[in-house]
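Beneath this line is the structure, given in structure tokens, with notes to follow.
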């Protein structure tokens, strides 16, 4: 059951596991768009599922650890912010996408979501 104060160890362990988890999931969901574009979708799905297994091996313990001291909404907001922290560099460096000013505004909205989810 979540408590009023979130121990730093819980935050750090949860964040590190979610960073790893999201790294695998981003590659599983989007990496094939560049590297396996000419393969049949069912081959790509099997490869993606194999990669996603490692995502779940990190995500499940991350959520269990996080939920021991955070509320479910706090855990979800943390997850979404980490998702974008992983996705943006992946999109820019691995997929060649460009960032726009609107992406900054969207990121600031997420900062607001973190504030409201974690304020006392």
Check your understanding: Does region 71-85 contain at least one residue that is surrounded by fewer than 17 Cβ atoms within 10 Å (Cβ to Cβ), more than 22 Å from residue 113 (Cβ to Cβ) and out of contact with any helix residue (DSSP H, G or I) (no Cβ under 8 Å at 6 or more places or on another chain)?
Key -> no
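What do you reckon, is residue 36 in contact (Cβ under 8 Å) with a residue 40 or more places away in the chain and surrounded by 12 or more Cβ atoms within 10 Å (Cβ to Cβ)? Lay out the reasoning, then the answer.
Numbers: in contact (Cβ under 8 Å) with a residue 40 or more places away in the chain: no; surrounded by 12 or more Cβ atoms within 10 Å (Cβ to Cβ): yes.
So residue 36 does not fit the description; no.
Can you give me the ranges of the helices (runs of 4 or more DSSP H) entirely in region 18-120 with at least 2 residues that are touching a strand residue (DSSP E or B) at 6+ places or on another chain (Cβ under 9 Å) and either on the phi > 0 side of the Ramachandran plot or modelled with pLDDT of 95 or more (or both)?
Here the list is empty.
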Study note, to complete from the structure: Of the candidates 20, 50, 66, the one satisfying the condition of being more than 20 Å from residue 89 (Cα to Cα) and surrounded by fewer than 19 Cβ atoms within 10 Å (Cβ to Cβ) is 50
Exercise for review: For residues that are over 19 Å from residue 90 (Cβ atoms) and in contact with a helix residue (DSSP H, G or I) (Cβ under 7 Å, 6 or more places away or on another chain), scanning just region 3-17, find the one that is surrounded by the most Cβ atoms within 10 Å (Cβ to Cβ).
Suggested key: 14
Check your understanding: Just checking, how many residues over region 70-120 are within 13 Å of the chain's Cα centre (by Cα), closer than 27 Å to residue 36 by Cβ and in contact (Cβ under 8 Å) with a residue 40 or more places away in the chain?
Key -> 7
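The values are calculated or read from the model by the stated rules, or taken from the named source; none is laboratory data. This structure is a prediction, so every number in the text was calculated from the model and none was measured. Quick reminder, even Gly has a Cβ in these numbers, built from the backbone with ideal geometry, and neighbours come from all protein chains shown.
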